[in-house]
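Please read through the structure below; I'll follow up with questions.
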Amino acid sequence: MKEQLLKLKEEALNQLKECSGNADIEKIRVQYLGKKGELTLILRSMGSLSEEERPEMGKLANEVRAVIEEEIKAIKEEITAKENQKNAKSEIIDITMPGRIPEIGRRHPLIQVKEELESVFMRMGYDVVSGPEIDTVGNNFDDLNAPYDHPSRDRSDTFYVSDDLVLRTQTSPMQIRVMKEGKLPIRMVSTGRTFRFDDVDDTHSPMFHQMECLVVDKGVTLANLKDSIDQFVKELFGSNMKTRFRPHNFPFTEPSAEVDVSCHACMGEGCPTCHGTGWSMELLGCGMVHPNVLRNCGIDPEIYSGYAFGMGIDRVTMVKYGIPNIRLLFENDVRFLKQF
Ligand code: FA5
Ligand code: MG
């Protein structure tokens, strides 16, 4: 039996040396150590040995079993290590592959221009204030000196929320709100959304944005108005931008004017964009605050005077960036917005 055991050990170890995969090893394990394996059968036949022989053979058989088991374990580890190495090679990271660039959002061009305008005016010493998009008929029309038969009051021009509330048609009600606070002098700008029953075309939208400006102090003149408009136009568009004042009529200012700037495409030469005029579309309305408006807000027009203007931010954005159509600002096509 001793010889049988030693021969079995030798055979098993030789076979293990030659095997190349886990399946081979398992086959050998079953062949020798399985329920019907060769070593198991030898162990079962121990009963036929004599009392003296049995312990010695038992010991030897266990040793043989341990040696075979250890060898199996060692070979298994070797194979696993080799496979890991192979996998590592095939899964290698290609550092030359271009990475995924995360998309970073940006401010809408309108917001950029609004913030730029606000910072220009803050540098010139103005306060930035804000107010509601729904305002009273009193603030939007009455106290702004609009006569009762003024066409802008019509329900075909203005969105009424109720008989005495409207979606503000302009940011001018902010003039009334600030003047009625009673703190003088005033230097403020206020931006926000405004609403009118306007049909959409290249330069009109029923919802658009305005910036209101109001200055009230002793001795404020039309020269101050012209100068401050000239100054911010040059800050915003560059120093060779010219402004043009055209006489106009607003109920809340006297005298009043509308203002255009040089055409952005030709800078005044005349081109198809400006239909040969050399001037942009109308950007803002302005004037000296009407004495009636000052009085409506409890300010004495004999002591104080002021100027105001209301500017279309959408149109300023169009002129600044050469955008031909106001619709582009509201379609929110990312390919368009990405350019700013
Ligand atoms: C006004 O709204 C006056 N409140 C401006 C004002 C303020 C005058 C203070 C005097 C003193 P107007 O209706 O012209 O005026 O509009 C002012 C500007 O808003 C226009 O010059 C234009 O740039 C812009 N605007 C007006 N309607 C639209 C519209 N439907 N879509 C886009 N922009 C518009
Ligand atoms: Mg106008």
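Could you give the dipole magnitude of the chain about its Cα centre, charging the beta-carbon of Lys and Arg +1 and that of Asp and Glu -1, in debye to the nearest 20?
On the way: 43 positive and 54 negative charges, 141 e Å.
Computed charge dipole of the chain: roughly 680 debye.
Tally the DSSP beta bridges in the chain and give the antiparallel ones as a percent, rounded to 5.
Roughly 95 percent of the beta bridges in the chain run antiparallel, per DSSP.
Could you tell me how many cubic angstrom of Cα convex hull volume region 64-177 has per residue? Show your work: numbers first, answer last.
On the way: hull volume 38.1 nm³, N = 114.
Normalising the Cα hull of region 64-177 by residue number yields 334 Å³.
With label points built 7 Å along Cα→Cβ from the Cα atoms of Leu165 and Cys271, find their separation and express it in nm.
A separation of 4.7 nm, rounded to one decimal place.
For region 13-102, how big is Rg over Rh, using alpha carbon atoms and the Kirkwood form of Rh? Mind dumping the intermediate values first?
On the way: Rg = 22.1 Å, Rh = 16.4 Å.
A ratio of 1.35.
In whole angstrom, how long is each semi-axis of the equivalent ellipsoid of region 58-128, when you take the square root of 5 times every eigenvalue of its Cα gyration tensor and sort them from largest down?
Values: eigenvalues 1182, 55, 11 Å².
Each semi-axis is the square root of five times an eigenvalue, giving 77, 17, 8 Å.
Along the charge dipole of the chain, Cβ charges K/R +1 and D/E -1, which of Gln170, Ile186, His275 sits furthest on the positive end?
His275
Further, regarding this structure: Let's test the formula: R0 of 25 Å, r as the Cβ-Cβ distance of Lys35 and Val67. What FRET efficiency results, to the nearest 0.05?
Details: r = 20 Å, r/R0 = 0.80.
The calculated FRET efficiency here is 0.80.
Can you flag which of Lys7/Lys73; Lys183/Lys320; Lys35/Lys73; Lys7/Lys82; Lys2/Lys35; Lys17/Lys73 are past 24 Å Cα-Cα? Before the final figure, lay out each step's value.
Details: Lys7/Lys73 21 Å; Lys183/Lys320 35 Å; Lys35/Lys73 19 Å; Lys7/Lys82 30 Å; Lys2/Lys35 21 Å; Lys17/Lys73 12 Å.
As for pairs spanning more than 24 Å Cα to Cα, those are Lys183/Lys320; Lys7/Lys82.
I've got another one for you. Cα-Cα pairs above 12 Å in region 293-340: how many percent? Numbers along the way, then the final one.
Working: 810 of 1128 pairs.
I get 72 percent for the Cα pairs in region 293-340 exceeding 12 Å.
Quote the FRET efficiency, to the nearest 0.05, computed for Lys234 versus Val128 with a Förster distance R0 of 22 Å and r equal to the Cβ-Cβ distance. Before the final figure, lay out the partial values.
Values: r = 20 Å, r/R0 = 0.93.
After rounding, the FRET efficiency stands at 0.60.
Related question: Would you work out which of Asn332, Cys263, Tyr304 lies farthest towards the positive end of the dipole of region 261-340? Charges go on Cβ: Lys and Arg +1, Asp and Glu -1.
It is Asn332.
If you line up the Cα atoms of region 247-321 on their principal axes, what length do they span on each, largest first, in Å?
48, 21, 17
What ranking do Val137, Val334, Val319 get, fewest neighbouring Cβ atoms within 10 angstrom at the top? If you can, show how the numbers build up before the last one.
Working: Val137 19, Val334 8, Val319 23.
Fewest to most other Cβ atoms nearby, the residues stand as Val334, Val137, Val319.
Let me ask you something else. Where q = 0.19, 0.21, 0.32 Å⁻¹, what log10 of I(q)/I(0) comes from the Debye formula for region 183-227, counting one point per Cα?
After summing over all Cα pairs, the log10 values are -0.73, -0.77, -1.13.
On to the next question. FRET efficiency for Glu302 and His150, Cβ-Cβ distance as r, R0 = 41 Å, nearest 0.05?
Details: r = 27 Å, r/R0 = 0.65.
FRET efficiency, Glu302 to His150: 0.95.
Here is a follow-up. The chain: D in µm²/s via Stokes-Einstein (Kirkwood Rh, Cα pairs, 10 °C, 1.306 mPa s)?
Working: Rh = 27.0 Å.
Translational diffusion coefficient: 59 µm²/s.
Explain nothing, just the number: relative contact order of the chain, from Cα pairs under 8 Å at least 6 residues apart, as a whole percent. Display every interim value, and only then the final one.
Numbers: 489 pairs, mean separation 48.2, N = 340.
Over the chain, the number comes to 14 percent.
Kindly state, as a whole number, the per residue volume in cubic angstrom of the convex hull around the alpha carbon atoms of region 134-291. Could you put the intermediate results ahead of the total?
Numbers: hull volume 19.9 nm³, N = 158.
Convex hull of Cα atoms, per residue: 126 Å³.
Could you work out [θ]222 nm for the chain from helices alone, using -39500 (n - 2.57) per DSSP H run of at least four and dividing by all its residues? Round to the nearest 500 deg cm²/dmol. Can you show the working numbers first?
Values: 12 runs with 140 residues, N = 340.
Rounded to the nearest 500, it is -12500 deg cm²/dmol.
No lab work stands behind these numbers, since they all come straight from the coordinates. All figures in this text were calculated on a predicted structure; none of them were measured in a lab. Positions of Cβ are generated from backbone atoms using ideal geometry, with glycine treated the same way; all protein chains shown enter the neighbour counts.
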